[in-house]
Amino acid sequence: MGFLWTIAELLVAVIFIIASFLLTAVVSEAHRRRHDNTHDDAPSFFEDPNSQKQVPCPHIHDPAEKYISLVIPAFNEEHRLPGALDETINYLQERAGKDKSFTYEVVIVDDGSDDATKQVAFDFVKKYTVDNVRVILLGRNHGKGEAIRKGMLHSRGELLLMLDADGATEVTDLEKLENQIHAVASKEFRVGESTSSDSGFRISDIPLAAFGSRAHLEEQALATVQSD
């Protein structure tokens, strides 16, 4: 009987050691992935479906080449993305037609979609060229926050704006944020009501963030329940 207890104790000890080893391995791997930023240093490229060539990604610290970059994170948005992109690009083209200094790009970040989001995005690149519409493929799902971060890091605009792929926010509201940014920048640099009065000034010269909110619409958005 004592022999059987000894074997049982040994088996329990072995199982405990194996479980501890597996737990340590899982924790170590999780810690490594959380603090491993080597993917940030790896060269990133945009795929150009027209020329079948890769275009090196710019970095946020490079000199701005566009006035504004619209970053659109997308995960399985093959159905809603086309409508949102049509509305957004039509608006941008209309502004660019009226103001030659208004240059733009749309950066679509495909966050590991397993539907046709990638193809939808590339169709817009083919239509509007890689200079105006670019696609970043993350390969696997990282989450909305990482998709936005990656898009911002590889944008060329003086102003960087995030828009949802479902078109929940109207792109025409962009001008409200712009006005607030320019007002603060003008006050900060004491160049009057318009930054254009100083040809050497760029809106990207100061770190500034503006956030749109729909909080004032909360009462209208509340659902009500009525009984018969």
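The values are calculated or read from the model by the stated rules, or taken from the named source; none is laboratory data. Owing to the predicted nature of the structure, the values given are computational and were not obtained by experimental measurement. Positions of Cβ are generated from backbone atoms using ideal geometry, with glycine treated the same way; all protein chains shown enter the neighbour counts. Heavy atoms of the whole protein, side chains included, go into the accessibility calculation; ligands, DNA and RNA do not. Shrake-Rupley method; radii C 1.70, N 1.55, O 1.52, S 1.80 Å.
Restricting attention to region 155-176 and to residues that are open to solvent by less than 40 Å² (accessible area, probe 1.4 Å) and in a helix (DSSP H, G or I), the residue that is farthest from His79 (Cα to Cα) turns out to be Leu174. The set of residues from region 95-154 being open to solvent by less than 30 Å² (accessible area, probe 1.4 Å), small (Gly, Ala, Ser) and not in a loop (DSSP other than H, G, I, E, B) comprises Ala96, Ala121, Ala147, Gly151.
Has region 24-32 got at least one residue that is of a type outside the set (Gly, Ala, Ser), in contact with a helix residue (DSSP H, G or I) (Cβ under 8 Å, 6 or more places away or on another chain) and either at pLDDT 95 or above or not in a loop (DSSP other than H, G, I, E, B) (or both)? Scanning region 24-32, I find no residue that is of a type outside the set (Gly, Ala, Ser), in contact with a helix residue (DSSP H, G or I) (Cβ under 8 Å, 6 or more places away or on another chain) and either at pLDDT 95 or above or not in a loop (DSSP other than H, G, I, E, B) (or both), so the answer is no. If only residues of region 42-73 that are in contact with a Ser or Thr (Cβ under 6 Å, 6 or more places away or on another chain) and among the small types (Gly, Ala, Ser) are counted, the one that is least open to solvent (accessible area, probe 1.4 Å) is Ser69.
In region 47-63, the residues that are closer than 13 Å to Arg134 by Cα reach residues that are assigned to a strand (DSSP E or B) and of a type in the set (S, T, N, Q) with C-beta atoms within less than 8 angstrom, at least six apart or across chains, in these pairs: Glu47/Gln54; Asp48/Gln54. Could you tell me whether any residue of region 74-81 is among the aliphatic types (A, V, I, L, M), open to solvent by 70 Å² or more (accessible area, probe 1.4 Å) and at negative phi? Within region 74-81, not a single residue is among the aliphatic types (A, V, I, L, M), open to solvent by 70 Å² or more (accessible area, probe 1.4 Å) and at negative phi.
Out of Gly112, Gly139, Gly97, one residue alone is in contact with a Lys or Arg (Cβ under 6 Å, 6 or more places away or on another chain) and free of Cβ contacts under 8 Å to residues at least 60 places away in the same chain. It is Gly112.
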